[in-house]
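Enquirer: Pasting a structure below so you can have a look.
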Amino acid sequence: MGGNNSMFQIAFEYYRDLFVNQSLGNNIRNAAVIEIVPEVFIKSLKIILPTYFISIVLGIILGIIQFIVRERKIQSSIHKFNNTIFGAVPDFFILITVQYIILLLMRAQLIELDLFGDETWFHLLFPIIIMSITPTFYISNITYHSLLIEKDKDYVRTALSKGTGHLAITLKHLLWNAWPTILSYTQTLMLIIISSIPIIERLCFYRGAGHHILLAIKDKDTYLILGLLLPFLLLVLISLWITDFIKYFIFPTSLEHELSEDTISDVNKYRTVKFIYQFLKTFPYRKVAKFMYHFSKENPSFAFGSFILAVMIILAVLGPILPFVDSKLEGFNIRYGENGELVKPPLPPGDGHLFGTDREGRDLFSKIVLGARETLTELAVIVIIRFVISIPFGYFASIHNGARALLGFSNSMLSFLPTILLIMLVAGMPSIIESYSRYPLLVFTIAILDVGRIGEIMRQEFTKINKTDYYIASVSMGTGWYDIITKYYIPNIYQKIIYIFISDMSRIMVLLGGLGILGIFLAQNMVFTPEKGYHALSLTHTWPSLLSNSLYDIQIAPWLLFYPSLFIALTIIGLNLFGAGLKDFLDKRRYMKNREEAEKDETSVSHISSWVTNDSGKKMSV
């Protein structure tokens, strides 16, 4: 491969060679790619296919159970809790947690287990079980909402009037009519599974196609990258064909888409602490506690999610001045322990370090607290850029056929490969690796990759408003655009935008966490060390960047992975709880408002009726 050839020229020559000579070329070690790809892809396929079918079967079963027990408070609450924890938490956190527990048990000599590798049945079953959790709850939610849509239709009322039982109606009628809608999400399910493959294989030392793609990107082995991407593209294409066949031929309807400074002076720190002390001294604790208790009782998800996010924001804002945080991040090479013995980092949790230390002897808890600001800022910037582009795009697509076609094209093109693989490819391009503009370029790339999905949701919302009578009447009367936006668009879509904005933050947090585990940084510097050779060093202290040494830390110092991934998982849980709770809270307010308006209308009608009755009685008496 010529050093001056662009990626596109190499790709063109590669596929020309593929179709003309029926060859996948050679990798940088001069080995035939066509001999490497089948061997490693079959290994990954042994995980992907069982995970795919297990997720569909178990997901449908759990969705049916959730639908049947939806009116039972305890069972429904348990299922919602499982959905929140296992459906929202990224699978890499679940895997790291389980591995951490197993390693602790192994060090205590309670069990003996070969945890890493790809030689035994355990090495195959373990990643399958972990990877099946998130897709299973995804299909469970799709199944549950599909059954909810079907339950209010006329044929259900007819079956109930004939004395048919609820379970029989659910299995024989509701599920039968809902299953095409459920199966129409097979492409999305496949994308979720493929997105997890490189991360899970790296953490499990499973040498499949995902593991080799990561190595090929780091080695800039273009032919091997393209050769490994081909079977993944084919897999997504097959799932897309299944989706389209179900959507257009079996059931032509589908569910609506979801829906700094390095140091701080002692004077400034003292002033800030004094201000906080005065504020806390005059704070009305009793009134606020009473209000929070009643509010939390009525809106538990909203309250708990708000609490988690508030803690994260407080850490981001006040972290550097907290007394138990080492804002200078001073490390050590060797020192005396509690018993007078010499100790070297990394140190496990305890011994004056709540979360332990990293390899340079720096306090891990302080690193996580100091990284909160960068992490949340990076997250917010990506989502804001995405929505600033998506909302106007969705609007123009609702009024212009050309924009609508462009939106559909972009949405379809970007749905063939998981976002994480696309970011891996872009971040691994030679022109991006050492570019001074790497950080803004990758931030912008992550933001625009999902613009099609958000834009399509916005297009649907704008289209609904454009078809309403009051909008048509206002346009025909010559109402200005400012009044149309402020009086018709914003009041009708702001709640939807807020909910999607929050849920999208959790999606991006999962993506950034996965990139961190794979050792892909948004901002980096290439350095040389005798231990690792020429490698990338993160220029930020974000939580995902703390996961970059996953390949080494998971065996020697698993707490270095566990605690940053714990904070990532807590943030995702907080965002999901806050988003779902906010939606329920606004729905309750809308319901109460509509109810009050209906009661007022009934009262006014009753007053008018009584007035008419009294008036007619008087006339008759005369």
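Enquirer: Using 0.36 nm times the number of residues separating Ile242 and Ile34, minus their current alpha carbon distance, what extension gain do you get?
Expert: 72.2 nm
Enquirer: Just by accessible area at a 1.4 angstrom probe, what is the order of His541, His400, His166 from largest to smallest?
Expert: Correct descending sequence by accessible area is His166, His400, His541.
Enquirer: OK, next. If you roll a 1.4 Å probe over the heavy atoms of the protein chains, what accessible area per residue do you get for the stretch 362-521, in Å²?
Expert: Result: 44 Å² per residue.
Enquirer: Work through the residues other than Val451 whose Cβ is under 12 Å from its Cβ and net out their charges, Lys, Arg +1 and Asp, Glu -1.
Expert: 0
Enquirer: Enter the accessible area per residue of the stretch 527-569 (Å², integer; probe 1.4 Å; all protein chains in place).
Expert: Normalised by residue count, the accessible surface of the stretch 527-569 is 42 Å².
Enquirer: By accessible area of protein heavy atoms, probe 1.4 Å, what ranking do Ile385, Ile485, Ile47 get, highest first?
Expert: Most to least solvent-accessible, the answer reads Ile485, Ile385, Ile47.
Enquirer: Just order 58-64, 302-308, 321-327, 152-158 by mean Cβ neighbour count inside 10 Å, highest at the front, would you?
Expert: Ranking the peptides 58-64, 302-308, 321-327, 152-158 by packing returns 58-64, 302-308, 321-327, 152-158.
Enquirer: Determine the distance separating the Cα centre of the stretch 154-231 from the Cα centre of the stretch 20-71; give it in Å without decimals.
Expert: Their Cα centres are 10 Å away from one another.
Enquirer: Calculate the length of the line joining the C-alpha centroid of the stretch 546-592 to that of the stretch 445-476, in whole Å.
Expert: 30
Enquirer: Using a probe of 1.4 angstrom, how much of the accessible area of the stretch 311-399 is carbon and sulfur, in percent?
Expert: About 64 percent, which is the carbon plus sulfur part of the accessible surface.
Enquirer: Starting from 0.36 nm per residue, how many nanometres of slack lie between Lys600 and Leu539 once their C-alpha separation is accounted for?
Expert: Once the chain is fully extended between Lys600 and Leu539, it gains 15.9 nm.
Enquirer: A further question on this structure: Sequence-distant or interchain residues sharing an amide H contact under 5 Å with Leu414, placed H: which?
Expert: none
Enquirer: Of Met106, Asn141, Ala159, which is farthest on the positive side of the dipole of the stretch 101-167, counting Cα position, with +1 on Lys and Arg Cβ, -1 on Asp and Glu Cβ, and the Cα centre as origin?
Expert: Ala159
Enquirer: Please give the per residue accessible area of the stretch 144-189, computed with a probe of 1.4 Å over protein heavy atoms only, in Å².
Expert: 54
Enquirer: Would you please give the FRET efficiency between Asp154 and Leu125, computed as 1/(1 + (r/R0)^6) with r the Cβ-Cβ distance and R0 = 45 Å, to the nearest 0.05?
Expert: E between Asp154 and Leu125, to the nearest 0.05, is 0.45.
Enquirer: Using 29 Å as the Cα-Cα cut-off, could you pick out the over-long pairs in Lys220/Lys328; Lys162/Lys593; Lys487/Lys600; Lys43/Lys220; Lys220/Lys367?
Expert: Cα-Cα > 29 Å for Lys220/Lys328; Lys162/Lys593; Lys220/Lys367; rest within.
Enquirer: With all protein chains present, calculate the accessible area of Asp221 using a 1.4 Å probe and round the result to the nearest 10 Å².
Expert: Counting only protein heavy atoms, the figure is 0 Å².
The values are calculated or read from the model by the stated rules, or taken from the named source; none is laboratory data. Model, not experiment: these values are computed from the prediction. Cβ coordinates were reconstructed from backbone atoms using ideal geometry, including for glycine residues, and neighbour counts include every protein chain displayed. Side chains included, ligands, DNA and RNA excluded: accessible areas come from the protein's heavy atoms. Shrake-Rupley method; radii C 1.70, N 1.55, O 1.52, S 1.80 Å.
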